[in-house]
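Data first, discussion second: the structure below is written as structure tokens.
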Amino acid sequence: MSTKLPSPDTIFFIFLILINLTGFLCFFSDKRRARRHRRRIPEKTLFLTAVLGGGAGCLLGMYLFRHKTRHLSFVLLMPLLTALWAGLAWFLIPLLQKL
């Protein structure tokens, strides 16, 4: 029996969906923890999620939950990281489709 593996561009797309969902949920969880005066998710973890490709999910969570919107570093870096990953995806997906 032969099993067909997903194409590289499909794997990349699934990765981006999962990392963005992770970023969104991190912002949701951190906002909830902040309201309940619980232990918070470190800011470097939130940024790491964006650096790894979850910037769009982080950005959506940031503004949907109104969380970290007063922090200049988040307001400037989250859109920048999102734009960088969008550009990277725009460049990589055609290359991955050729594999």
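Each residue of the range 42-54 was assigned a 3J(HN,Hα) from its phi angle through the Karplus curve 6.51 cos²θ - 1.76 cosθ + 1.60 (θ = phi - 60°); the sequence is x, 4, 5, 5, 5, 5, 4, 4, 5, 5, 7, x, x Hz, with glycine and proline shown as x. Which trypsin sites (Lys or Arg not before Pro) in the range 62-97 sit in a loop by DSSP (not H, G, I, E or B) and have at most 14 other Cβ atoms within 10 Å of their own Cβ? Of the trypsin sites (Lys or Arg not before Pro), the ones in loops of the range 62-97 whose Cβ has at most 14 other Cβ atoms within 10 Å are Arg66, Arg70. Taking the charge dipole of the chain about its Cα centre, with +1 at Lys and Arg Cβ atoms and -1 at Asp and Glu Cβ atoms, the residue from Ser7, Leu77, Ile93 reaching farthest to the positive side is Leu77.
Applied to the range 26-38, the Karplus parametrisation 6.51 cos²θ - 1.76 cosθ + 1.60 on θ = phi - 60° returns per-residue 3J(HN,Hα) values of 4, 5, 4, 5, 5, 5, 5, 5, 5, 5, 9, 6, 9 Hz, with x for Gly and Pro.
Taking a point 7 Å out from the Cα of Ile17 in the direction of its Cβ, the residues of the range 51-85 whose backbone N falls within less than 18 Å of it are 53-58. The long axis of helix 55-64 is offset from the longest Cα principal axis of the chain by roughly 40 degrees. Placing a pseudo-label 7 Å from each Cα along the Cα-to-Cβ vector at Leu64 and Arg39 gives an inter-label distance of 2.6 nm. What the phi angles of the range 86-99 give under the Karplus curve with 6.51, -1.76 and 1.60, with θ = phi - 60°, is a coupling list of 4, x, 4, 5, 4, 7, 7, 4, x, 5, 5, 5, 7, 6 Hz, glycine and proline written as x.
About the centre of its Cα atoms, the range 8-91 shows a dipole size close to 800 debye [charges on the beta carbon of Lys, Arg (+1) and Asp, Glu (-1) only; nearest 20 debye]. Neighbour counting of Cβ atoms within 10 Å sorts the residues Ile41, Ile14, fewest neighbours leading, into Ile14, Ile41.
Out of Leu84, Leu59, Leu16, any idea which swings most in a Gaussian network model of the chain, alpha carbons joined below 10 Å? Its mean-square fluctuation being the largest, the pick is Leu84. Using Cβ point charges alone (K and R +1, D and E -1), the dipole size of the range 18-57 about the Cα centre works out to roughly 380 debye.
No value in this document is a laboratory result; all are computed from the given coordinates. The structure displayed is predicted, hence computed values, not measured ones. Methodologically, a virtual Cβ is constructed for each residue, glycine included, from the backbone with ideal geometry; neighbour enumeration extends over all protein chains shown.
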